[in-house]
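Everything below concerns the one structure shown next.
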């Protein structure tokens with residue numbers, strides 16, 4: 001695989017920003033990496049499928065490559081991975097800040113298609129994220145279900161109305177949502193209103209403070225008849241868990 005750091009200007013954000021990109025690379029002499037048959041198959045078939053992988057509240061575009069072996073996991077399936085920086089925005093058009101929703105939902109896919117050789121087909125496009133990024137991933141999939149073949153949340157902050165009620169999050173909620181969670185920012189409202197929903201993978205550690213919100217979302221998705229895979233296993237809000245779960249998520253993706 002090849003790992004690239006791309007510094008670019010975003011019109012949505014009206015500022016410079018950065019993305020980390022992992023691209024499939026077929027190799028023969030690399031020691032310690034499995035034979036890249038999946039990469040060779042993808043190369044023969046055309047541009048590789050792409051996973052947009054979103055970071056959490058305290059992280060940035062480097063977190064997934066620093067704390068997991070995402071490059072190695074993606075290699076095994078010939079998958080390109082795009083990891084944008086989104087600050088502490090909850091991937092929203094912040095009430096008092098920048099238009100991160102416009103960036104990640106509209107401008108980023110267009111820029112990736114212009115800069116890199118990856119598939120633009122919805123059936124080859126996936127989105128996942130952890131914590132804040134889990135919320136962002138499901139919001140993308142529920143708002144634009146025709147653009148993604150599957151979506152995954154790892155320990156996602158899925159109930160933003162609950163988060164909005166926490167006193168220690170007052171500054172964050174004010175800056176991002178101006179203290180009002182409207183339906184277009186509420187995953188439960190989006191789930192109810194979506195004309196269709198792609199397959200979902202929802203995971204959380206059983207010692208995570210977000211477990212209750214994840215259980216509630218799973219129940220709502222199942223009631224809606226969504227194809228949802230639940231993965232509730234021992235663990236907290238921690239990278240040791242996410243490194244393990246992301247491997248299962250990548251194996252679960254319905255790659256063609």
query: Only one residue in 73, 91, 100 is out of contact with any strand residue (DSSP E or B) (no Cβ under 6 Å at 6 or more places or on another chain), at positive phi and surrounded by 18 or more Cβ atoms within 10 Å (Cβ to Cβ), so which one is that?
result: 91
query: Between a first residue in the stretch 13-28 that is over 19 Å from residue 116 (Cα atoms) and a second residue that is assigned to a strand (DSSP E or B), which pairs have beta carbons less than 9 Å apart while being 6 or more apart in sequence or on different chains?
result: 13/99; 14/99; 15/9
message: Which count do you get for residues in the stretch 175-215 that are surrounded by 15 or more Cβ atoms within 10 Å (Cβ to Cβ) and in contact (Cβ under 8 Å) with a residue 12 or more places away in the chain?
response: 26
- prompt: What number goes with the only condition from (1) modelled with pLDDT of 95 or more; (2) over 22 Å from residue 244 (Cβ atoms); (3) outside any loop (DSSP other than H, G, I, E, B) that residue 42 does not pass?
  reply: (1)
query: Scanning for something surrounded by 24 or more Cβ atoms within 10 Å (Cβ to Cβ) and in a helix (DSSP H, G or I), does the stretch 151-174 turn up at least one residue?
result: no
message: What's the total number of residues in the stretch 216-247 that are on the phi < 0 side of the Ramachandran plot and in a loop (DSSP other than H, G, I, E, B)?
response: 6
- request: Would you be able to tell me the number of residues in the stretch 122-147 that are more than 11 Å from the chain's Cα centre (by Cα), farther than 17 Å from residue 183 by Cβ and in a loop (DSSP other than H, G, I, E, B)?
  value: 2
- request: Test each condition in (1) surrounded by 15 or more Cβ atoms within 10 Å (Cβ to Cβ); (2) touching a residue at least 60 places away in the same chain (Cβ under 8 Å) for residue 230 and report the one that comes out false.
  value: (2)
- prompt: Any chance the stretch 182-200 includes a residue that's assigned to a helix (DSSP H, G or I) and under 24 Å from residue 121 (Cβ atoms)?
  reply: yes
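The values are calculated or read from the model by the stated rules, or taken from the named source; none is laboratory data. For clarity, every value in this text was computed on a predicted model and none was experimentally measured. Here Cβ is always computed from backbone atoms with ideal geometry, including for glycine, and neighbour counts include all displayed protein chains.
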